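Student: Quick one: the structure is below, and I'll ask about it shortly.
The values are calculated or read from the model by the stated rules, or taken from the named source; none is laboratory data. Not measured: the values here are computed from a predicted model. Virtual Cβ from ideal backbone geometry, glycine too; neighbours counted across all protein chains shown. The protein model used for the area step is the full one, side chains on, heavy atoms only, and it has no ligands, DNA or RNA in it. Shrake-Rupley method; radii C 1.70, N 1.55, O 1.52, S 1.80 Å.
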Amino acid sequence: QVQLLESGGGVVQAGDSLRLSCVTSGLDFNTLNMGWFRQAPGKEREFVAAISVGEMYKLFADSAKGRFTISRDNAKNTVYLQMNGLNPEDTAIYYCTTGAMGSTQWYTSVYWGQGTQVTVSS
């Protein structure tokens, strides 16, 4: 059974940092491209960041560039999203996903986690 389990969300103040984690099971993590998406209330789910197999590529949404970093630990089957300089516009449910990506684009998601809530107060 494939599972993606996110953690690390919470309520923080503007300017604070959070690190999200996503542990994957049921698949060979070493062969997976991993991504993070988010969905704010009343908005569509949007791409945030992605990291390819072997860390060959890292992609970021414009809103994340310079503030967020993505990394992976294959020994722990875990992908991380380090978020710095958070602002209220970052408030959303953050979802971990695995799927297909290229050097400049996330193409499609196959599996999703349940999400973790991030709330940033001003």
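Student: Scan the chain and report its longest stretch carrying no trypsin sites (Lys or Arg not before Pro) that are both in a DSSP loop and have at most 12 other Cβ atoms within 10 Å.
Tutor: Counting at most 12 other Cβ atoms within 10 Å as exposed, the longest clean stretch of the chain is 66-122.
Student: Quote to one decimal, in nm, the extra length available between residue 11 and residue 107 on full extension: 0.36 nm per residue of separation minus the C-alpha distance between them.
Tutor: Full extension of this stretch gives 31.5 nm more.
Student: Accessible area of the chain with a 1.4 Å probe: how many percent of it is carbon plus sulfur?
Tutor: Looking at the chain in its full context, I get 47 percent from C and S.
Student: Still on this structure, I have one more. Relative contact order of region 9-72: what whole-number percent is it, with Cα pairs under 8 angstrom and at least 6 residues apart?
Tutor: 21
Student: Order the following by accessible area, largest value first: 16, 62. Probe radius 1.4 Å; ligands, DNA and RNA are ignored.
Tutor: Ranked from most to least accessible, the order is 62, 16.
Student: Using label points projected 7 Å from each Cα along Cα→Cβ, tell me how many nm separate residue 30 and residue 71, to one decimal.
Tutor: 2.1
Student: Continuing with this model, one more query. Rg/Rh for the chain to two decimals, with Rh computed the Kirkwood way over all alpha-carbon pairs.
Tutor: We get a ratio of 0.94 for the chain.
Student: Please compute the per residue accessible area over the chain with all protein chains in place, 1.4 Å probe, rounded to a whole number of Å².
Tutor: 51
Student: Tally Lys and Arg at +1 and Asp and Glu at -1 over the other residues with C-beta under 12 Å from the C-beta of residue 22: what net charge comes out?
Tutor: With Lys, Arg at +1 and Asp, Glu at -1, the neighbours total +1.
Student: Evaluate the charge dipole of the chain about its Cα centre and quote only its size in Debye, nearest 20, assuming +1 on the Cβ of each Lys and Arg and -1 on the Cβ of each Asp and Glu.
Tutor: 80
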